[in-house]
Amino acid sequence: MTGRFALMIDPVAADVQRSDFADTFTQVDAAAPALSVGELSTQRGDGVFESIGVIDGHAQEVVPHLERLAHSARLCDLPVPNLAQWRQAIDHAASQLGAGESVIKLILSRGVEHGPTPTAWVTAAPAADFTAVRENGVRVVTLDRGYDLDAAERAPWLLLGAKTLSYAVNMAALREAHRRGADDAIFLSSDGFVLEAPTASLILRFGDRFLTPAPTGGILHGTTQLSVYEHLAAQGFETGYDRIPATDLTRADAAWLVSSVRLATAITSVDGTPLPVDRTLTAALNRYLLSPRT
Ligand code: PLP
């Protein structure tokens with residue numbers, strides 16, 4: 001089966017130990033009504049989520065996604081998810097997905113206003129076909145995100161390191177990139193450092209050294225970036241995290257946007273300045289990212 005469906009989940013407290021949570025989720029057709037009209041927190045974007053890549057029915061990097069979901073929930077003062085319960089829901093969804101690429105999303109929202117519990121659900125659907133963009137790369141523009149690199153620490157209520165449901169700004173940045181004739185964007189801090197793309201992490205190559213912006217700067221710590229770093233380190237490359245000035249972008253020997261479903265895509269230009277593209281390494285990274293990973 002390669003269809004779309006959802007599992008509505010009754011959240012169970014994080015400390016509840018059970019071997020079977022199957023009675024805590026219910027499968028519904030993606031087209032069936034499932035959310036209450038009182039689900040105001042979702043309308044406000046007051047919740048957290050994850051998107052997991054699924055290859056031939058194998059959900060990739062489930063533990064790092066679950067850990068980030070729990071981290072986001074903590075930052076948002078949401079009940080910490082019971083990871084064993086979510087893991088079982090993911091496995092149940094993945095077991096129904098057939099060959100090819102799919103995406104499983106985990107959503108935990110604050111729930112119905114004045115309601116007793118959060119609302120939680122998992123969706124499963126076929127992934128878009130990203131073959132062309134993996135091969136051809138993306139042109140990016142840099143966009144000011146309006147916060148300096150220390151804003152996340154100084155103002156934690158901005159939730160800059162949480163993967164919240166509020167992606168309106170990220171989607172607006174993609175539309176702005178398209179208006180400027182590019183395919184994607186890279187956010188810059190107001191003090192001139194490189195952050196992340198609206199839906200992906202950034203990896204730069206300088207010689208045999210790979211660099212990514214430090215996640216302390218109010219960006220998501222990408223599960224794909226972590227996985228790519230493990231792969232590169234195993235091949236003897238040096239990998240690191242740093243404060244990266246925006247002026248370093250066009251000095252890179254190569255650069256990629258990486259994320260769980262689109263995987264690795266080479267950056268071919270930044271604000272109209274061409275960047276060298278390593279097609280061989282990009283293809284190797286995508287072969288690795290398409291292999292089963294835990
Ligand atoms: N940064 C942002 C803002 C994202 O939305 C995403 C993924 O959606 C990422 C980075 C990459 O994260 P991951 O590799 O875990 O998909």
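On a full-extension model of 0.36 nm per residue, what is the gain between Q43 and T131, subtracting their alpha-carbon distance, rounded to one decimal in nm?
Here the segment from Q43 to T131 would lengthen by 28.4 nm.
Neighbours of S72 by Cβ distance under 9 Å: Lys/Arg scored +1, Asp/Glu scored -1, total +2.
Note on A155 and V80: the model spin-label points, each 7 Å out from Cα along the C-beta direction, lie 2.9 nm apart.
In terms of the Cα gyration tensor, with a ≥ b ≥ c the square roots of its eigenvalues, is the stretch 65-190 rounded because a/c is under 1.5, prolate because a/b exceeds b/c, or oblate?
oblate
For F187, the residues whose amide H sits under 5 Å from its own are L143, L195, E196, A197, ignoring neighbours fewer than 5 places away on the same chain, with H placed 1.01 Å from N. With contacts taken as Cα pairs under 8 Å and at least 6 residues apart, the stretch 38-105 reaches a relative contact order of 46 percent. From the Cα gyration tensor of the stretch 1-61, with a ≥ b ≥ c the square roots of its eigenvalues, which class applies: rounded if a/c is under 1.5, or else prolate if a/b is larger than b/c, or else oblate? Verdict is rounded for the stretch 1-61.
For the stretch 137-223, just say rounded, prolate or oblate: build the C-alpha gyration tensor, square-root its eigenvalues into a ≥ b ≥ c, call rounded for a/c under 1.5, and beyond that prolate if a/b exceeds b/c, oblate if not. Oblate, because a/c is 1.5 or more while a/b does not exceed b/c. Where only DSSP H runs of four or more residues are counted, the chain gives -7500 deg cm²/dmol as its mean residue ellipticity at 222 nm, each run worth -39500 (n - 2.57).
Remark: spin-label model distance D148-R243 equals 1.0 nm, labels positioned 7 Å along the Cα→Cβ axis.
Reported to the nearest whole Å, the Cα centre-to-centre distance from the stretch 162-205 to the stretch 26-82 is 22.
For the pair D56 and S36, the difference between a 0.36 nm per residue extended length and the Cα-Cα distance amounts to 3.9 nm.
With a cut-off of 16 Å on the backbone N, the residues of the stretch 222-255 near the modelled label site 7 Å out from S291 along Cα-Cβ are 227-237.
Averaging 1/r across all pairs of distinct Cα atoms in the chain and inverting the result yields a Kirkwood radius of 19.9 Å.
With a cut-off of 10 Å between beta carbons, the residues surrounding S109 carry a summed charge of 0, where Lys and Arg count +1 and Asp and Glu -1.
Coordinate-derived values only; no laboratory data. Quick caveat: nothing in here was measured; it's all calculated off a predicted structure. Every residue, glycine as well, gets a Cβ built from its backbone with ideal geometry; the counts of neighbours run over all protein chains shown.
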